[in-house]
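Colleague: Just dropping this structure here.
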Amino acid sequence: MNKKHNFERGQALVLLVFAMVVLIGFVALAIDGGMVYSDRRRAQNAADAAALAGAGKIASILGDELFDSCSDSTVGSAQSAGIVAAKTSADSNDFIIETGLSNKNGVTTTCVNGNGYVDHIDVHVMITNQTQTALVHFVYNGPLKNTVEAITRLRPYQPFALGNAIVALNEDDCKAHKNGAIFYGNSTIDVKGGGVHSNGCLDGQDNPVSVDVIGSINYVSDLMNKFDVFTPKPTITNTLPVETYMIDPPDCTVVDNYGHPSNKYDHKKPGADPIPPGNYTAIIPTGPDEGFKLEGGLYCLDGDFNAGNYNLSSLSGVTIYLKSGSFKTGGNGAVELSAPEKTPPPDPAIPGVLIYLKNDNPGTVTLIGTSASSFTGTILAISGNIVLNGTEGLNPTYHTQLIGYNVEVGGTAEVDIVYDKGDNGGFEPNLEMAR
């Protein structure tokens, strides 16, 4: 019995040694694992900061200008400056990165084109670093490395509705020439600088409709009549997302209120004085014969703006915002209206937006003018209709972008819609963390 006891006496020591090894392993895992996690978090913060710094630098160089292509020299120079800014940021956080990602420790930029404009620029940063271990190296000889990455996406100034010149948002099928994008009459309709898109019906009649090489003609649900009147041939596409045309309404509280019926600017003859920007119940002038003028700025209406057959012009850029009601010009008056430019900022008017029906306003924007008429800027009627008409011998200039629930274009004269992205509305630049 005593011999057996003496034989088993050494087992406790073996178990103790084994337990110590396991304990040291857990301690090493806790200490060095914590160090690895801490280093990874520090590297991730540095990568995020570097990607943001690079994209921010690109944004500061591009500003709020609209660039047609990634091949633009200014875009290329901005990307190079963005790489330098990202490397400088990483260095300030004690990480040295290179240009390129072949070693998973560097920065690159990628520019992606949209439909005739720069859609986005990505700044991609990867950082790989090795953690100095305290105990793990006793049981593991390999290096403990962390590789992290960050992508910041810059969307430069971009046009509404992906740069299309005509957009119909109604998703219904064709019915009695009322749904979607409708082209009627026997006029020739030429669209230059952008495409035609319908979320539902595309309807053509006898009049030829052509889009230049910059744009295409697309529809989602239905094509009615005269397929061969369109050049190029229409193609089926996807519904245009809501974020491509939705914008915030203007702030009508910062302009004066002229809405009381006794005010000379409300339902009254304006006289020789230009109508100032402000809030109105309606603007329906009754004279004088020489027409009337708008000073420029933001005009907010609770009812109709009806210019009738009077001449109408603006002394500077205007945004006409209709909370309810419709906008209409006749066919006998010369109308010269343009949206505000981006510089100087026209706050509270909206740069590039000429007429804006409140998002739930089902009214109609009707544009008819003489050969002396011109309209410049985006017309936005998300819940309403846009009717653009040309009468024989009357060929107004439409430098517009038409975005409506339904859009009708036609008449008996040649109708030219010249869409210049720089003259119309767009989204301000923004940065977002893509990864």
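Since every read-out is calculated from the coordinates, none of them should be taken as a lab result. From a predicted model like this one, the values you see are computed outputs, not experimental measurements. Don't worry about glycine lacking a Cβ; one is built from the backbone with ideal geometry, like all the others, and counts go over all protein chains shown.
Colleague: Quick check: residue separation of Thr99 and Arg41 times 0.36 nm, minus the Cα distance between them. What number comes out in nm? Please report the intermediate quantities before stating the final value.
Modeller: Details: separation 58, 0.36 × 58 = 20.88 nm, distance 2.23 nm.
Fully extending the segment from Thr99 to Arg41 adds 18.6 nm.
Colleague: I need the shape label for the stretch 297-371. Rule: rounded when a/c is under 1.5, else prolate if a/b > b/c, else oblate, with a, b, c from the alpha carbon gyration tensor. If you can, show how the numbers build up before the last one.
Modeller: Details: a/c = 2.30, a/b = 1.16, b/c = 1.98.
Because a/c hits 1.5 or more and a/b fails to exceed b/c, the stretch 297-371 counts as oblate.
Colleague: May I ask you to derive the FRET efficiency for Glu171 and Asp416 from their Cβ-Cβ distance with R0 = 30 Å, giving the value to the nearest 0.05?
Modeller: Values: r = 28 Å, r/R0 = 0.94.
The pair Glu171/Asp416 has a calculated efficiency of 0.60.
Colleague: Under a Cβ-Cβ cut-off of 12 Å, what is the net charge of the residues other than Asp68 that fall near it, where Lys and Arg count +1 and Asp and Glu count -1?
Modeller: Details: positive: Lys421; negative: Glu65, Asp72, Asp119, Asp420.
Taking every Cβ under 12 Å from that of Asp68, the sum is -3.
Colleague: Still on this model: Just to confirm the filter: which GluC sites (Glu not before Pro) across the stretch 358-435 are DSSP coil and have at most 14 other Cβ within 10 angstrom of their Cβ? Working shown, then result.
Modeller: Numbers: sites: Glu392, Glu408, Glu414, Glu432; in loops: Glu392, Glu414.
Here the sparse-neighbourhood loop sites are Glu392, Glu414.
Colleague: Taking Lys358 as the anchor, which aspartates and glutamates have their alpha carbon closer than 15 Å to its alpha carbon, excluding any fewer than eight residues away along the same chain?
Modeller: Once the sequence-local aspartates and glutamates are set aside, what remains near Lys358 is Asp248, Asp251, Asp302, Asp304.
Colleague: Taking the Cβ-Cβ separation of Ser371 and Ala81 as r and a Förster radius of 51 Å, what is the calculated FRET efficiency to the nearest 0.05? Before the final figure, lay out the partial values.
Modeller: On the way: r = 48 Å, r/R0 = 0.94.
Rounded to the nearest 0.05, the efficiency is 0.60.
Colleague: According to the square roots a ≥ b ≥ c of the eigenvalues of the Cα gyration tensor, what is the shape class of the stretch 159-200, taking rounded for a/c under 1.5, prolate for a/b larger than b/c otherwise, and oblate for the remainder? Intermediate values should be presented prior to the final figure.
Modeller: Numbers: a/c = 4.05, a/b = 1.16, b/c = 3.48.
Oblate shape, in that a/c is at least 1.5 and b/c is the bigger or equal ratio.
Colleague: Now for a different question. Going by average Cβ density within 10 Å per residue, which order do the peptides 159-168, 53-62, 366-375 take, highest to lowest? Walk me through the numbers before you get to the answer.
Modeller: On the way: 159-168: 26.3, 53-62: 22.5, 366-375: 20.0.
My ranking of the peptides, most packed first, is 159-168, 53-62, 366-375.
Colleague: Here's another thing I want to ask about it. Express in nm, to one decimal, how much length is gained between Ser71 and Asn113 on full extension, taking 0.36 nm for each residue of separation and deducting their alpha carbon distance.
Modeller: Numbers: separation 42, 0.36 × 42 = 15.12 nm, distance 0.92 nm.
Stretched out fully, the Ser71 to Asn113 stretch lengthens by 14.2 nm.
Colleague: Going by average Cβ density within 10 Å per residue, which order do the peptides 276-283, 43-50, 96-103 take, highest to lowest? Can you show the working numbers first?
Modeller: Values: 276-283: 19.8, 43-50: 21.6, 96-103: 13.6.
By packing density, highest mean first, the sequence is 43-50, 276-283, 96-103.
Colleague: Just to confirm a number: summing +1 for Lys and Arg and -1 for Asp and Glu over residues other than Ile379 whose beta-carbon lies under 13 angstrom from that of Ile379, what do you get?
Modeller: Values: positive: Lys328; negative: Glu408, Asp423.
So the environment of Ile379 carries a net charge of -1.
Colleague: Additional query: Plugging the Kirkwood radius over Cα pairs into Stokes-Einstein for the stretch 28-117, at a temperature of 10 °C and a viscosity of 1.306 mPa s, what D comes out in µm²/s? Let's see the in-between values first.
Modeller: Working: Rh = 14.6 Å.
So the translational diffusion coefficient is about 109 µm²/s.
Colleague: For the stretch 160-428, what value does the Rg/Rh ratio take when both radii are computed over Cα atoms and Rh is the Kirkwood radius, given to two decimals?
Modeller: Numbers: Rg = 17.7 Å, Rh = 18.4 Å.
Taking Rg over the Kirkwood Rh, I get 0.97.
Colleague: What's the center-to-center distance, using Cα atoms, between the stretch 58-137 and the stretch 163-197 in Å?
Modeller: 41
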